[in-house]
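Engineer: Below: one structure in structure tokens.
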Amino acid sequence: MFVPQSFSIAVGMVIFSAICWGSWANTFKGVKNYRYELFYWDYVWGILVTAIVLGLTLGRTDPASADSFFLNLHSADTRNLVYALVGGIVFNIGNILLVAAIETAGLAVAFPIGIGLALVIFAFNLALPISALAGTITRSTLGIALAVVMLAFLMMITRSKAVPQVIGFLAMENGLFFAATSATYGMPMVVELGIALDVLIGMFILGIFFFQIRAAFDSLDLRHMEKLKED
């Protein structure tokens, strides 16, 4: 296997691989009348062939070395090889579905959905060690609360209108409140009624705020408010 012998060569290979990995989709601009997911399918096969060629060439610069391509394959556990193969298949199936969604619905719709699914999986995996130490009631609710908070942040980041941003803020508050009530095994009824009254009054004030924005700018897009200047 080819191993960089100096720090500068290693850094150069990292930069070159990052450029290739981040700009492969730009070559799609040179293709006409070809679907994006089919282009990615051909890209996957190209990566597989390239990996095999590099393994048989640079990977065998010293066949007797312990880092040789075939020696590494023989020394690896069969179960690990199967896991790596299955992981690669699942990863590429997910990417093909993502690029197909981008081709069908557009990047503005498909990308937030894909990021949202990734955030849900990340939230449950992040809460898994904490949930293992919690009781039976909070074992599954902590991951849900964390996922709600992350999805609310995503909504606030990707939307520019006032209503989705307020909905994202309220969803984030509800996720935090859900996590708090789950960790404390609920709250007294008086506290819950007080919070419900606060939310009702807050929604009433936000409704008035929305009507004022629409009356002043004829839209709820927050980008119009960025143009405000003092006289």
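To keep it simple, each residue is scored yes or no on (1) farther than 29 Å from TYR40 by Cα; (2) of a type in the set (Val, Ile, Thr); (3) at pLDDT below 75.
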site	(1), (2), (3)
GLY106	no, no, yes
PHE153	yes, no, no
ALA162	yes, no, yes
PHE169	yes, no, no
MET187	yes, no, yes
LEU193	yes, no, yes
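Engineer: With respect to LEU119, determine if the residue is more than 26 Å from LYS32 (Cα to Cα), touching a residue at least 24 places away in the same chain (Cβ under 8 Å) and assigned to a helix (DSSP H, G or I). Can you show your working first?
Structural biologist: Details: more than 26 Å from LYS32 (Cα to Cα): yes; touching a residue at least 24 places away in the same chain (Cβ under 8 Å): yes; assigned to a helix (DSSP H, G or I): yes.
Criteria met by LEU119.
Engineer: Residues of the stretch 11-38 being surrounded by 12 or more Cβ atoms within 10 Å (Cβ to Cβ), without any contact (Cβ under 8 Å) to a residue 60 or more places away in the chain and either over 27 Å from ILE89 (Cβ atoms) or of a type outside the set (Val, Ile, Thr) (or both), which ones? Lay out the reasoning, then the answer.
Structural biologist: The first filter runs over the stretch 11-38 and keeps only residues surrounded by 12 or more Cβ atoms within 10 Å (Cβ to Cβ), leaving 12-13, 24-25, 28, 31, 35-38.
Still in the running and without any contact (Cβ under 8 Å) to a residue 60 or more places away in the chain: 12-13, 24-25, 28, 31, 38.
Within the stretch 11-38, GLY12, MET13, TRP24, ALA25, PHE28, LEU38 meet the criteria.
Engineer: Restricting the search to the stretch 78-116, which residues are in contact with a helix residue (DSSP H, G or I) (Cβ under 9 Å, 6 or more places away or on another chain), more than 21 Å from PHE39 (Cβ to Cβ) and without any contact (Cβ under 8 Å) to a residue 12 or more places away in the chain?
Structural biologist: Residue satisfying the conditions is LEU81 alone.
Engineer: Now for a different question. Working only within the stretch 1-57, note down all residues that are assigned to a loop (DSSP other than H, G, I, E, B) and closer than 30 Å to ALA105 by Cα. Walk me through it before giving the result.
Structural biologist: Initially, the stretch 1-57 is screened for residues assigned to a loop (DSSP other than H, G, I, E, B), giving 1-6, 31-35, 57.
If the condition is that a residue be assigned to a loop (DSSP other than H, G, I, E, B) and closer than 30 Å to ALA105 by Cα, then VAL31, LYS32, ASN33, TYR34, ARG35 are the ones that fit.
Engineer: Within the stretch 58-83, work out how many residues are surrounded by fewer than 11 Cβ atoms within 10 Å (Cβ to Cβ) and either assigned to a helix (DSSP H, G or I) or at pLDDT 80 or above (or both).
Structural biologist: The first filter runs over the stretch 58-83 and keeps only residues surrounded by fewer than 11 Cβ atoms within 10 Å (Cβ to Cβ), leaving 63-64, 66, 74-75, 77-80, 82.
From what's left, either assigned to a helix (DSSP H, G or I) or at pLDDT 80 or above (or both): 74-75, 77-80, 82.
Looking only at that region, the number is 7.
Engineer: So which residues in the stretch 145-183 are of a type in the set (Val, Ile, Thr) and either more than 19 Å from LEU206 (Cβ to Cβ) or in contact (Cβ under 8 Å) with a residue 24 or more places away in the chain (or both)? Before the answer, list the steps.
Structural biologist: Restricting attention to the stretch 145-183, the residues satisfying the condition of being of a type in the set (Val, Ile, Thr) are 148-149, 157-158, 163, 166-167, 181.
Answer for the stretch 145-183, where residues must be of a type in the set (Val, Ile, Thr) and either more than 19 Å from LEU206 (Cβ to Cβ) or in contact (Cβ under 8 Å) with a residue 24 or more places away in the chain (or both): VAL148, VAL149, ILE157, THR158, VAL163, VAL166, THR181.
Engineer: For the stretch 108-121, which positions are at pLDDT 80 or above and of a type in the set (A, V, I, L, M)? Walk me through how you get there before you give the answer.
Structural biologist: First, pick out the residues of the stretch 108-121 that are at pLDDT 80 or above: 115-121.
If the condition is that a residue be at pLDDT 80 or above and of a type in the set (A, V, I, L, M), then ILE115, LEU117, ALA118, LEU119, VAL120, ILE121 are the ones that fit.
Engineer: Right, next: LEU54 versus (1) at pLDDT 75 or above; (2) in the same structural domain as ILE157 (by TED's automatic domain parsing): which is the lone unmet condition?
Structural biologist: (2)
The values are calculated or read from the model by the stated rules, or taken from the named source; none is laboratory data. Keep in mind it's a predicted model, so treat the numbers as computed, not measured. FYI the Cβ positions are ideal-geometry reconstructions off the backbone, even for glycines, and counts take in every protein chain you see.
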